[in-house]
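A quick write-up on the structure given underneath.
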Amino acid sequence: MGFFDGLKEHYGKLKFFINGEWIESQSQQTFKDMDPGKAEEIAEVPVAEESEIDYAIESAYNAFKMWRDVPFRDRADYINRLRAKFDEHHEILSRILSLDHGRSLRDSRGTIQRCIENIEAASGAMYSFYKGEYVQQLASGIDCYMLWEPLGVFLIITPGNIPMHAWSSFVPYALACGCTVIVSPSWQCPVASEAMFRICEEVGFPKGVLNLIHIGKSFHLNHRIIRDKRVAGVGFIGSSAVGKSLYQLCGELGKRASINGNGKNHIVIAPDADLDAAVTYLLRGCFGMSGQRCLGSDNVIIIGDIYDELKSKFLEAAKAMKVGYGLLEETEMGPMTTEENRMRVLNFIEKGVKEGAKLLLDGRNLIVKGYEKGYFLGPTIFEDVHPDMEIAKVESFGPVANLMRATSLDEAIEWINTKTEYGHSACLVTESGKNARKFIKECNVGNVGINAGIPQPYAFFPLGSKRESFFGIAKSRFDSVRLFLDQKTVTVRWV
């Protein structure tokens, strides 16, 4: 059975994709990839040996010498064919993602659409950003122009929560710019990561342009790749702690970096908000993808005397959510991706209890019939959460909502800007244009939503994060072309 003919019960021992071929690793070190809804193994994954890493770097470096000179129209054709293949395999890609990650099919289908949008934006970048600039007769007999040139080989490190979306936030742009890549995906969703390369294999990219290795939890291997002189930089989405170490290394080596880290996001409900709409935003923002969403929120700041009514509506809606196996159409929220992630969220909830927050809804003991071994947590809601509590400052990355009372919009903005180190996103639910404008202007975050629970920008906008949520030269998505390209100016005198 072909990779995209249907889901498999087990994908066997995964291979690496290097120099245009699937190769069996010689490593004796492996780890298991688990179906989070059933806690059953779906693949065995090798951890790359240093010789295999060297082969991937060499292949990408040699391919770059060729790929950078592929005619513009031909390279654009590859990108457009990539988009067509994602569209062709849309449904099976969604199912692979739900199998490997655990999220609902609705969330997975949305993710594949976001991937397609990134590929479209990468194609658009070729036709706009890549053209360069030209000034004739800058001085007497002198013309001057500026070129964008691809930098070389890039390491792309993708996280476990968005293995496909993160891939599409960097890789299509790198290829469109004429760079080659080595992708080092998270240990959490390796089958989903392999699916990306199966797509590229069908497109028929030249050998060595895209390379896939697995490193498991041997994170030092990523540092080893970056240290290689043939590697120009890194695109990363993951934790701020790991990202900082990568950014520091790139600084020491003078290499390019786009480092996207943690967040501690907020949804603010104003007194004039449509409360029914607000609850819809909260369900998606707090519990979508089981809370494992970069732009998802933990902190719900409620202003004024709407608190009791909103709390009641939110609690009722959260209790009614259908938690279940991700591949079932009726499921609204799936399991955590790994047992390790589940235990981390359980510890977060326990910390909140010890800090004095009150549990309105406790999702810790949820049992899903037929999937008793799965890594499930139910929606969890705290109240009496104060901004100086630890759970109000750090990311749960699980289905947890902290209800917080504020006396004014100014106080809510102050909490967002000063009570946490992160600057990923914030949303405001309101009917007031004046308050919305104030919120947009004064919130020190990179992604703002008005009457939304997830401020997801379209792919031709950057994912704008600030403070401890981002480090580097360029943001991900469309802005990543500034990561992969460098400028060259040419001054010409012929007369």
- Query: Does segment 307-321 hold any residues that are part of a loop (DSSP other than H, G, I, E, B) and surrounded by 13 or more Cβ atoms within 10 Å (Cβ to Cβ), and which are they?
  - Reply: Met321
- Query: Of all residues in segment 480-489, which are crowded, with 20+ Cβ neighbours inside 10 Å and either outside the structural domain of Gln113 (by TED's automatic domain parsing) or not hydroxyl-bearing (Ser, Thr, Tyr) (or both)?
  - Reply: Val481, Arg482, Leu483, Phe484, Leu485
- Could you list, in sequence order, all residues of segment 475-495 that are assigned to a helix (DSSP H, G or I) and of a type in the set (D, E, K, R)? Asp479, Arg482
- Message: Tell me yes or no: at least one residue of segment 112-132 is at pLDDT below 95, in contact with a strand residue (DSSP E or B) (Cβ under 6 Å, 6 or more places away or on another chain) and either over 18 Å from Pro172 (Cα atoms) or not in a helix (DSSP H, G or I) (or both).
- Response: yes
- Task: Examine segment 399-412 for a residue that is buried (at least 18 other Cβ atoms within 10 Å of the Cβ) and basic (Lys, Arg), and state whether such a residue exists.
- Result: no
- Filter segment 197-238 for residues that are under 13 Å from Ile57 (Cα atoms) and polar (S, T, N, Q) and give the result. Asn211, Asn222
- Just one listed residue, out of Glu120, Glu58, is within 28 Å of Cys177 (Cα to Cα), surrounded by 14 or more Cβ atoms within 10 Å (Cβ to Cβ), within 20 Å of the chain's Cα centre (by Cα) and in contact (Cβ under 8 Å) with a residue 40 or more places away in the chain, and it is Glu120
- Among the candidates Gly304, Gly251, Gly291, residue that is on the phi > 0 side of the Ramachandran plot, surrounded by fewer than 24 Cβ atoms within 10 Å (Cβ to Cβ) and either at pLDDT below 95 or outside the structural domain of Leu346 (by TED's automatic domain parsing) (or both): Gly304
- Message: Considering only residues that are among the polar types (S, T, N, Q) and surrounded by 15 or more Cβ atoms within 10 Å (Cβ to Cβ), which ones fall in segment 417-462?
- Response: Asn417, Thr420, Ser425, Thr430, Ser432, Asn435, Asn447, Asn451, Gln456
- Task: Might you let me know whether segment 104-111 holds any residue that is assigned to a helix (DSSP H, G or I) and in contact with a His (Cβ under 7 Å, 6 or more places away or on another chain)?
- Result: yes
- Do any helices (runs of 4 or more DSSP H) lying entirely in segment 185-269 carry at least 1 residues that are within 29 Å of Cys427 (Cα to Cα) and small (Gly, Ala, Ser), and which ones are they? 240-253
- Message: If I ask for residues that are at pLDDT below 90, within 30 Å of Ala139 (Cα to Cα) and among the β-branched types (Val, Ile, Thr), which ones from segment 453-495 would you list?
- Response: Val495
- Can you tell me which residues in segment 319-367 are among the aliphatic types (A, V, I, L, M), more than 25 Å from the chain's Cα centre (by Cα) and either closer than 24 Å to Glu91 by Cα or modelled with pLDDT of 95 or more (or both)? Ala320, Val353, Ala357, Leu359, Leu360, Leu361
- Does Trp167 fit the bill of being in contact (Cβ under 8 Å) with a residue 12 or more places away in the chain, on the phi < 0 side of the Ramachandran plot and surrounded by fewer than 22 Cβ atoms within 10 Å (Cβ to Cβ)? no
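The values are calculated or read from the model by the stated rules, or taken from the named source; none is laboratory data. Computed from a prediction, not measured in an experiment: that's the story for all the values here. Cβ atoms come from the backbone with ideal geometry, glycine included; neighbour counts cover every protein chain shown.
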